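Data block below; observations after.
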Amino acid sequence: MATTAYSVLILALGVSVGSFLNVIADSLPSGRPLLNPGSSCDSCMAPLRAVDKMPVLSYIWLRGRCRHCGILRIPGRLPIAEAATGGFYVLFYWRHGFEAEFFIFIAATSLLVVVTLIDLTHRLILNKIVFPSILALLALSPFWGQLGDGRHFFGMAGMFGSFANSLTAGIGYLLLILATLLINPKGMGMGDVKLAGLLGLLVGFPLVFVAFSVTMMVGGGVAAYLLLARGMGRHDTIPYGPFMVLGAIVALLVGADIWGWYSDFALSFGSSS
């Protein structure tokens with residue numbers, strides 16, 4: 001019963017944070033102030049009331065349009081981002097409870113939601129988000145093992161082993177995406193390469209392979225669908241950052257289970273042959 005009540009509260013917290021993340025994603029690329037008390041419809045300039053800004057519910061109630069003029073169509077990414085943030089928060093709670101990993105991972109997820117929204121809207125991955133985040137993760141990486149992450153570097157435990165693990169994963173993922181960029185220059189940009197370094201530091205080794213695999217499978221599947229069903233040209237581009245973010249979140253949530261299953265399968269396959 002307590003778990004259900006906590007889940008509901010965490011979901012409410014997540015969708016509320018997701019609403020603010022939408023504001024951040026709209027403000028950072030343009031340099032607009034984050035806190036703008038005079039929110040209004042961009043079409044009729046009517047001020048928005050609190051009831052117009054309720055996460056997810058307002059979008060459904062207003063059917064995605066301004067209540068005053070009905071002209072401005074509210075982007076569907078707004079409620080999706082709110083609901084996704086809340087959903088991820090709950091999943092991390094179910095996975096970790098109120099342990100330190102829960103708070104670290106929901107903070108990281110919030111950051112990655114902003115990265116995703118900006119990349120989807122502006123095709124940008126901002127250095128002012130990526131570089132400070134890389135520095136923060138480098139500072140945090142020696143302590144992952146003590147937080148229960150269990151990171152080590154080829155048997156070396158402790159703070160140095162944890163730091164070496166994260167650094168190796170960050171550099172490795174960066175090089176993997178850089179190689180992909182060099183093979184297919186139209187597919188992604190240098191922002192994706194820098195994002196890969198950040199995500200590698202976050203998920204560590206060997207979960208970086210899970211993150212990369214999910215990214216390639218989902219990104220490749222979506223690109224193939226758009227190419228075949230929507231008539232997208234071979235030289236058209238789609239933002240790749242959201243797929244990388246999805247891969248990293250999957251790795252954080254269930255990557256250990258996936259890697260364990262793969263390791264057991266590889267061992268059994270090797271012994272049978």
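The values are calculated or read from the model by the stated rules, or taken from the named source; none is laboratory data. Quick caveat: nothing in here was measured; it's all calculated off a predicted structure. Here Cβ is always computed from backbone atoms with ideal geometry, including for glycine, and neighbour counts include all displayed protein chains.
Of Leu140, Leu111, Leu91, Leu126, which residue is surrounded by 15 or more Cβ atoms within 10 Å (Cβ to Cβ), within 22 Å of Gly18 (Cα to Cα) and at pLDDT below 95? None of the others qualify; the one that does is Leu126.
Scan segment 87-105 and tell me whether some residue there is under 15 Å from Gly197 (Cα atoms) and among the small types (Gly, Ala, Ser). Step through it out loud before you land on a result.
Initially, segment 87-105 is screened for residues under 15 Å from Gly197 (Cα atoms), giving none.
No: zero hits.
Just one residue in the set Ile177, Ile134, Ile171 is part of a helix (DSSP H, G or I), touching a Leu at 6+ places or on another chain (Cβ under 7 Å) and either over 21 Å from Ile258 (Cα atoms) or touching a residue at least 24 places away in the same chain (Cβ under 8 Å) (or both); that residue is Ile134. Every condition in (1) under 21 Å from His96 (Cβ atoms); (2) modelled with pLDDT under 95; (3) surrounded by 14 or more Cβ atoms within 10 Å (Cβ to Cβ) is met by Leu178 except one, and the failing one is (1). Counting residues in segment 77-100 that are over 22 Å from Thr3 (Cα atoms), in contact (Cβ under 8 Å) with a residue 60 or more places away in the chain and among the aliphatic types (A, V, I, L, M) gives one or more. When Arg77, Arg32 are checked against the criterion of being surrounded by 14 or more Cβ atoms within 10 Å (Cβ to Cβ) and either at pLDDT 60 or above or touching a strand residue (DSSP E or B) at 6+ places or on another chain (Cβ under 6 Å) (or both), a single residue qualifies: Arg77. Going by the conditions given, is Met216 modelled with pLDDT under 85 and under 22 Å from Leu111 (Cα atoms)? No: the conditions fail for Met216. Restricting the first member to segment 3-24 and to residues that are over 13 Å from Ala107 (Cα atoms), and the second to residues that are part of a helix (DSSP H, G or I) and small (Gly, Ala, Ser), the beta-carbon pairs closer than 6 Å and six or more apart or on different chains are Leu11/Gly86; Val15/Gly86; Asn22/Ala81.
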